[in-house]
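Worksheet for the structure shown next.
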Number of protein chains: 2
Amino acid sequence: MEEVNFKNKKGAVVLDTSLFVNPDVRRSFGPNPTAALEKFLLLAAQATAFEFYMPPSIFNELSNFIEQEKIPGELFVYLHQKSPKKYELTTPAYLLYELVEDIRERINKGLRLAERAARNPEGRALDEIVQDLRRKYREALREGIIDSKEDVDLILLAMELDALLVSADQGIIKWADKLGIKWLVPEKFKQYMDGLIKKTKCLSFVEEEGEAAG
Amino acid sequence: MEEVNFKNKKGAVVLDTSLFVNPDVRRSFGPNPTAALEKFLLLAAQATAFEFYMPPSIFNELSNFIEQEKIPGELFVYLHQKSPKKYELTTPAYLLYELVEDIRERINKGLRLAERAARNPEGRALDEIVQDLRRKYREALREGIIDSKEDVDLILLAMELDALLVSADQGIIKWADKLGIKWLVPEKFKQYMDGLIKKTKCLSFVEEEGEAAG
């Protein structure tokens, strides 16, 4: 069982933008990104036994989707912006093999797709071929892989803080899993927050009892 | 100045296949891969203050180019086959950012090349277009990058042994450099070996003098 020591160290949670941006996953929080973020912050304010983090690079992405001025500024005290200590952290060397092999296969697949498009089957419109190429190429080379510094920020920050990582990105989850990072899909996060709030109340009660007894 | 302590620790050198396979770089060792490897082993036998390593994955690659039965088996005692401790070693986390950003740019470039080939300029033969695509795609996505487990083996083994890495591969040299690994281009390696042999003799002399005095 995961243990959270209320007095010494707060449980940490690292959040991806998908939680607020993806319509399917933010539904339980709110009808639009701004409402969803505000709802989350209100819940976070109650789950004081836990700390919530977002890498600044991810927060910048989120900023494009929300109207920050509509959310009371004081609520942002419940969402820490912090980058991982990228010049101090280390990762297991065997990950390099997995990353390099994964990319190698994808690159080869990309070339096969390109050749097929260049060999241009007759009877298909050029624009259709190019559209199709773009879609398949992106699918083959970008999906299920960590492919941006924002992705790396999320994984390393969760690693550094021994935090729970909440993301809908399959590439991020795959690599978090390889590194032994706790992860949760955003669909379950609203219920998880409700659980955290209950746990916070329970821990406060135990602490007060302890102080009364001591 | 790099210090080699003869009594405690031997200087280590990690070798890539290019030293024996690439005609331009093996010239100073021999007219063909087998002769070049034998010549190297004869020199290595004299440079006893140093240890020479090759990851087994790299040795397997080399095996395709040499006639092992033509080289006296006892000479192979001077070329250790060893993999890096990939499950114990760690690499700086910031490397992940560099690798991911590098790959991202290459992937985007690959798509642009694919689109250009698919848009198939009139008057060019299809086979010519595909040939051209293959060459440019490989250049964009594979050159100057670590793109195989053999590459990772070389870099990690040199890191683990604090060894000099001898390779002609620009991708390997680039990453060795980022990690602070000593490296040398194979063109200089014959002269370097001559230097190692001189150094070995000098160190043996100093040691004998020391023993005589003590």
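Each reported figure results from applying straightforward, stated rules to the coordinates on display, with no laboratory input. Predicted model only: the values in this text are computed from it and were never measured. Because the Cβ atoms are built from the backbone with ideal geometry, glycine has one as well, and the counts that use them run over all protein chains shown.
Structure above, values below:
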item	result
For B:113, A:165, order by how many other beta-carbon atoms lie within 10 Å, fewest first	B:113, A:165
Gaussian network model of chain B, springs between alpha carbon atoms under 10 Å - residue of B:107, B:197, B:58 with greatest fluctuation	B:107
Gaussian network model of chain A, springs between alpha carbon atoms under 10 Å - residue of A:71, A:155, A:129 with greatest fluctuation	A:129
Convex hull of chain A built on C-alpha atoms - directionally averaged projected area, nm²	15.9 nm²
Distances in nm from residue A:201 to the matching label points in the other copies, shortest first (labels 7 Å along Cα to Cβ)	8.6
Pseudo-label separations to other copies for residue B:124 - Cα-to-Cβ vector, 7 Å, nm	1.9
Interchain or long-range residues, amide H under 5 Å from residue A:51's placed H	A:11, A:12, A:13
Which of B:90, A:91 has the fewest Cβ neighbours within 10 Å, and the rest in rising order	B:90, A:91
Relative intensity, log₁₀ I(q)/I(0), of the protein assembly as shown from a Debye sum that treats every alpha carbon as a point, q = 0.06, 0.10, 0.13 Å⁻¹	-0.40, -0.88, -1.13
Kirkwood-based Rg to Rh ratio, the stretch B:83-153, C-alpha trace	1.16
Cα centroid separation - the stretch A:81-126 against the stretch B:156-186, whole Å	24 Å
Members of A:86/A:182; A:136/A:178; A:174/B:9 lying beyond 30 Å, as alpha-carbon distances in this model show	A:174/B:9
Most mobile of B:63, B:83, B:148 in a GNM of chain B (Cα contacts under 10 Å)	B:148
Positive-end residue of B:140, B:156, B:167, charge dipole of the stretch B:30-175 with Cβ unit charges	B:140
Projected label distance in nm at residue B:70 and residue A:213, using a 7 Å step from Cα toward the beta-carbon	8.3 nm
